[in-house]
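Worksheet: one structure, shown below.
The values are calculated or read from the model by the stated rules, or taken from the named source; none is laboratory data. A quick note: this is a predicted structure, and the numbers were derived from the prediction, not measured. Neighbour counts run over all protein chains shown; Cβ positions are idealised from the backbone, glycine included. Accessible surface is based on the protein model in full, side chains and every heavy atom, while ligands, DNA and RNA are left aside. Shrake-Rupley method; radii C 1.70, N 1.55, O 1.52, S 1.80 Å.
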Amino acid sequence: MANYAIVTDLNRCVGCLACMVSCKVVNNVPIGSYWNKVLRIGPFPKEGATATNDVDMYYLPVQCQHCEDPECVKVCPTGASQKMPDGTVQVDKSKCIGCQFCAMSCPYNVRYLNEEERVVEKCTLCEQITAQGGLPQCVIQCGGRARFFGDLDNGIESFEAPAVGYDIDCSYDNLYTGNRVTLKELVEEYGDADVHHLPDVGNGPHFGYILRNRDWKGEE
């Protein structure tokens with residue numbers, strides 16, 4: 001069993017939107033809908049700032065948080081939304097009736113109705129790739145090496161990203177077995193106070209965000 005999640009180092013994120021675009025491509029997400037959205041936070045005055053141009057900002061990727069106790073699963077009348085043994089939350093399209101109760105209950109507004117298929121969709125953590133030992137597409141394509149994937153049961157320092165040069169070789173073998181670097185090896189020093197989560201309303205969001213020397217606005 002596992003508790004798969006993504007941790008993003010927001011100090012490394014450059015807002016290139018590669019994660020958002022690659023997610024749409026690999027998962028065939030319809031135009032106008034997103035499984036992964038990158039929000040710009042700020043600019044806002046730095047703490048103790050005296051000059052009007054003394055401001056800060058950062059980018060915040062938001063997608064399904066694959067929660068510990070997901071509200072979407074609780075309200076689904078057909079059992080289409082399911083908590084899986086690997087810790088992810090998935091939608092069984094064969095059971096989904098498109099009622100959108102799950103979308104309305106999600107605290108993060110990251111589900112949408114596929115109008116053509118009349119089923120609800122969202123981030124799957126690229127289960128078609130991770131089930132074969134690979135990394136989610138948004139992690140693979142992150143040029144800033146800001147996103148890391150792993151098992152929360154092993155601690156976030158064990159989370160992995162592609163090593164430099166990984167995305168040069170796009171062969172099948174490299175996609176699943178290419179060299180990787182761990183969060184501990186790559187990320188600058190951080191403390192417990194630098195690790196954040198989106199607002200927890202009792203659902204227990206799994207995804208983490210590392211932010212140093214800036215004001216976390218994710219609770220707002």
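Among the residues of region 32-39, is there at least one that is of a type in the set (A, V, I, L, M, F, W, C) and either open to solvent by less than 60 Å² (accessible area, probe 1.4 Å) or farther than 25 Å from residue 203 by Cβ (or both)?
Checking region 32-39: at least one residue is of a type in the set (A, V, I, L, M, F, W, C) and either open to solvent by less than 60 Å² (accessible area, probe 1.4 Å) or farther than 25 Å from residue 203 by Cβ (or both).
Identification of strands (runs of 3 or more DSSP E) wholly contained in region 79-155 with 1 or more residues that are within 26 Å of residue 200 (Cα to Cα) and among the aliphatic types (A, V, I, L, M) yields 89-91, 112-114, 119-121. Filter region 156-166 down to the residues that are surrounded by 17 or more Cβ atoms within 10 Å (Cβ to Cβ) and in a loop (DSSP other than H, G, I, E, B) and list them by number. Within region 156-166, 159 is the sole residue that qualifies. Would you call residue 174 of a type in the set (S, T, N, Q), surrounded by 14 or more Cβ atoms within 10 Å (Cβ to Cβ), over 22 Å from residue 63 (Cα atoms) and at pLDDT below 95? Yes; evaluated as a whole, the condition is true for this residue.
Of all the numbered requirements in (1) within 20 Å of the chain's Cα centre (by Cα); (2) at pLDDT below 95; (3) loosely packed, with under 15 Cβ neighbours inside 10 Å; (4) assigned to a loop (DSSP other than H, G, I, E, B), residue 217 misses one, and that requirement is (3).
Which of the residues that make up region 40-94 are open to solvent by 40 Å² or more (accessible area, probe 1.4 Å), over 21 Å from the mean Cα position of the chain (by Cα) and acidic (Asp, Glu)? Within region 40-94, 47, 54 meet the criteria. Within region 13-31, residues that are touching a residue at least 24 places away in the same chain (Cβ under 8 Å) sit with their Cβ atoms under 9 Å from residues that are part of a helix (DSSP H, G or I) and open to solvent by 60 Å² or more (accessible area, probe 1.4 Å), at 6+ positions apart or across chains, in these pairs: 26/128; 27/128.
Taken over region 46-74, the criterion of being within 16 Å of residue 218 (Cα to Cα) and not in a loop (DSSP other than H, G, I, E, B) is satisfied by 56, 57, 58, 59, 60, 61, 62, 63. When the residues of region 196-209 are filtered to those that are in contact (Cβ under 8 Å) with a residue 60 or more places away in the chain and over 13 Å from the mean Cα position of the chain (by Cα), the one that is surrounded by the fewest Cβ atoms within 10 Å (Cβ to Cβ) is 202.
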